[in-house]
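Heads up: the structure comes next, in structure tokens.
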Ligand code: AMP
């Protein structure tokens with residue numbers, strides 16, 4: 001089975017063609033500058049990356065260029081469009097309407113559209129990507145939406161309710177939703193496989209630490225709490241997002257500097273996090289270079305980030321009444337041995353202890369805990385595209401039953 005996985009943004013679109021059973025990646029790429037001019041980056045594993053300038057006035061031309069690349073006799077990987085069995089779309093927000101991945105129909109799309117106000121930058125672009133696929137592939141190729149929020153729909157009210165007047169939840173659906181759900185779910189499943197134990201028996205803390213970061217408490221296979229909130233702005237500090245801050249700061253700064261709400265949100269989303277503190281970069285590799293050169297603000301930014309992650313690990317161990325494994329994933333989590341060491345340092349009282357030699361690794365699936373640790377520490381490269389492909393296959397197989 002071949003599943004085309006699409007992650008559509010407002011002016012870009014990432015794709016992968018995958019076999020969900022074997023996990024084999026057939027091809028991947030990126031359409032950029034949609035609506036401006038258009039560029040396709042296409043790559044087949046083991047071959048050189050190809051870059052083409054192709055006019056892409058809309059997402060439909062972008063999808064058409066992806067299909068053409070996949071079918072190309074020279075650098076393609078399939079010989080007929082019928083070899084694409086289904087399309088899986090990353091959709092950011094499913095609100096309380098979607099606790100699982102779902103087959104895309106006209107009716108279903110209107111429910112997704114109703115979630116747009118909760119993710120105004122992302123959901124409309126995801127829907128444009130879906131409509132573009134329908135325009136190019138027709139309605140005979142099944143399409144499935146896989147939501148970033150769905151995995152966290154199992155959170156209990158104590159975890160998702162904000163202490164605001166209740167009508168804001170009832171009427172306006174203001175609550176914690178959480179994001180990165182596809183990644184947290186994927187690494188939870190891999191953790192269970194690595195430990196050789198059923199997911200339904202495990203208490204896991206999954207740390208997705210990338211440019212955007214979130215932590216999740218996954219108890220017996222279900223998300224019971226997560227650090228991102230109503231929007232992805234909450235939780236630990238990130239590349240450019242502030243994470244948890246006192247809401248009173250907004251009023252203080254807006255009054256003092258005359259910022260309007262858009263300017264304030266721009267600061268919180270794009271100029272804060274480790275970029276804000278370091279005044280150097282949002283990229284942890286740049287911070288490391290800065291730290292090597294004695295840049296104290298870079299060191300402070302990384303320390304603030306790591307301290308925050310450590311606190312969430314403690315909080316979620318308390319929330320679940322224990323923990324069997326802590327999982328590190330995404331760019332920083334997979335590639336930062338020193339960061340994993342600092343975050344877990346001092347957590348021996350919980351049973352968390354690293355084997356420093358094993359931990360000296362990057363981007364591989366490995367148990368890095370010390371022999372006498374009672375809690376496992378796992379490094380697991382995330383693979384959201386594979387999870388989307390697996391879900392898409394499961395939904396499509398379900399249709400046949
Ligand atoms: P992501 O959002 O998962 O792509 O992660 C991006 C973040 O991961 C950036 O801050 C990168 O600096 C960081 N990152 C990626 N690769 C490495 C690496 N080899 N060493 C340290 N950090 C890395």
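From the list 252, 259, exactly one residue is assigned to a loop (DSSP other than H, G, I, E, B), more than 16 Å from the chain's Cα centre (by Cα) and either in contact (Cβ under 8 Å) with a residue 60 or more places away in the chain or surrounded by fewer than 19 Cβ atoms within 10 Å (Cβ to Cβ) (or both). Which is it? Outline the logic, then answer.
Working: 252 fails: assigned to a loop (DSSP other than H, G, I, E, B).
Going through 252, 259 in turn, just one is assigned to a loop (DSSP other than H, G, I, E, B), more than 16 Å from the chain's Cα centre (by Cα) and either in contact (Cβ under 8 Å) with a residue 60 or more places away in the chain or surrounded by fewer than 19 Cβ atoms within 10 Å (Cβ to Cβ) (or both): 259.
Kindly provide the set of residues from the stretch 342-351 that are surrounded by fewer than 18 Cβ atoms within 10 Å (Cβ to Cβ), assigned to a helix (DSSP H, G or I) and out of contact with any helix residue (DSSP H, G or I) (no Cβ under 6 Å at 6 or more places or on another chain), ordered by number.
348, 349
Could you check residue 329 against (1) within 12 Å of the ligand (Cβ to nearest atom); (2) over 27 Å from residue 147 (Cβ atoms); (3) surrounded by 23 or more Cβ atoms within 10 Å (Cβ to Cβ) and say which number it fails?
(2)
Which ones in the stretch 116-143 are assigned to a loop (DSSP other than H, G, I, E, B) and modelled with pLDDT of 95 or more?
Residues of the stretch 116-143 assigned to a loop (DSSP other than H, G, I, E, B): 119-122, 138-142.
Of everything in the stretch 116-143, those that are assigned to a loop (DSSP other than H, G, I, E, B) and modelled with pLDDT of 95 or more turn out to be 141, 142.
Considering only the stretch 374-401, how many residues are surrounded by fewer than 20 Cβ atoms within 10 Å (Cβ to Cβ), closer than 20 Å to residue 85 by Cα and in contact with a strand residue (DSSP E or B) (Cβ under 8 Å, 6 or more places away or on another chain)? Before the answer, list the steps.
Start the filter on the stretch 374-401 by keeping residues that are surrounded by fewer than 20 Cβ atoms within 10 Å (Cβ to Cβ), which leaves 374, 381, 394, 397-401.
Retained after the next criterion (residues that are closer than 20 Å to residue 85 by Cα): 394, 397-401.
So of that shortlist, the ones also in contact with a strand residue (DSSP E or B) (Cβ under 8 Å, 6 or more places away or on another chain) come out as 399.
Summing the residues that are surrounded by fewer than 20 Cβ atoms within 10 Å (Cβ to Cβ), closer than 20 Å to residue 85 by Cα and in contact with a strand residue (DSSP E or B) (Cβ under 8 Å, 6 or more places away or on another chain) in the stretch 374-401 gives 1.
Looking at 354, 339, which one is away from the ligand (no atom under 14 Å from the Cβ) and either without any contact (Cβ under 8 Å) to a residue 40 or more places away in the chain or within 23 Å of the chain's Cα centre (by Cα) (or both)?
Values: 339 fails: away from the ligand (no atom under 14 Å from the Cβ).
So the residue among 354, 339 that is away from the ligand (no atom under 14 Å from the Cβ) and either without any contact (Cβ under 8 Å) to a residue 40 or more places away in the chain or within 23 Å of the chain's Cα centre (by Cα) (or both) is 354.
Taking interchain pairs and intrachain pairs at least six residues apart, which have beta carbon atoms under 7 angstrom, with the first residue in the stretch 190-211 and assigned to a loop (DSSP other than H, G, I, E, B) and the second within 16 Å of the ligand (Cβ to nearest atom)?
210/330; 210/331; 210/332; 211/238; 211/239; 211/282; 211/331
Do you know which residues across the stretch 234-278 are under 22 Å from residue 211 (Cα atoms) and in contact with a helix residue (DSSP H, G or I) (Cβ under 6 Å, 6 or more places away or on another chain)?
236, 237, 238, 239, 240, 241, 242, 264, 274, 277, 278
Take the residues in the stretch 186-212 that are in contact with a helix residue (DSSP H, G or I) (Cβ under 7 Å, 6 or more places away or on another chain) and within 16 Å of the ligand (Cβ to nearest atom); name whichever of them is nearest to residue 239 (Cα to Cα).
Residues of the stretch 186-212 in contact with a helix residue (DSSP H, G or I) (Cβ under 7 Å, 6 or more places away or on another chain): 186, 188-189, 192, 198-199, 202-211.
Retained after the next criterion (residues that are within 16 Å of the ligand (Cβ to nearest atom)): 186, 206-211.
Working: 186: 23, 206: 18, 207: 15, 208: 13, 209: 10, 210: 8, 211: 5 Å.
Restricting to residues being in contact with a helix residue (DSSP H, G or I) (Cβ under 7 Å, 6 or more places away or on another chain) and within 16 Å of the ligand (Cβ to nearest atom), the top hit is 211.
Among the residues of the stretch 155-169, what is the count of those that are crowded, with 17+ Cβ neighbours inside 10 Å and part of a helix (DSSP H, G or I)?
Start the filter on the stretch 155-169 by keeping residues that are crowded, with 17+ Cβ neighbours inside 10 Å, which leaves 155, 159-160.
Now narrow it down to the ones that are part of a helix (DSSP H, G or I): 159-160.
Of the residues in the stretch 155-169, 2 are crowded, with 17+ Cβ neighbours inside 10 Å and part of a helix (DSSP H, G or I).
For the stretch 352-363, indicate whether the set of residues that are within 24 Å of residue 224 (Cβ to Cβ) and surrounded by 22 or more Cβ atoms within 10 Å (Cβ to Cβ) is non-empty.
Of the stretch 352-363, the ones within 24 Å of residue 224 (Cβ to Cβ) are 352.
From what is left, the residues that are surrounded by 22 or more Cβ atoms within 10 Å (Cβ to Cβ) are 352.
Yes, that holds for at least one residue.
Of all residues being surrounded by 16 or more Cβ atoms within 10 Å (Cβ to Cβ) and touching a residue at least 24 places away in the same chain (Cβ under 8 Å) in the stretch 29-57, which is farthest from residue 77 (Cα to Cα)? Just the residue, please.
34
Would you call residue 313 in contact (Cβ under 8 Å) with a residue 40 or more places away in the chain, closer than 16 Å to residue 241 by Cβ and surrounded by fewer than 24 Cβ atoms within 10 Å (Cβ to Cβ)? Outline the logic, then answer.
Details: in contact (Cβ under 8 Å) with a residue 40 or more places away in the chain: yes; closer than 16 Å to residue 241 by Cβ: no; surrounded by fewer than 24 Cβ atoms within 10 Å (Cβ to Cβ): yes.
Considered against the rule, which asks whether it is in contact (Cβ under 8 Å) with a residue 40 or more places away in the chain, closer than 16 Å to residue 241 by Cβ and surrounded by fewer than 24 Cβ atoms within 10 Å (Cβ to Cβ), residue 313 comes out as no.
The values are calculated or read from the model by the stated rules, or taken from the named source; none is laboratory data. Remember, it's a predicted structure, so these values are computed and weren't measured experimentally. All Cβ positions, glycine included, derive from the backbone under ideal geometry; neighbour counts span all protein chains shown.
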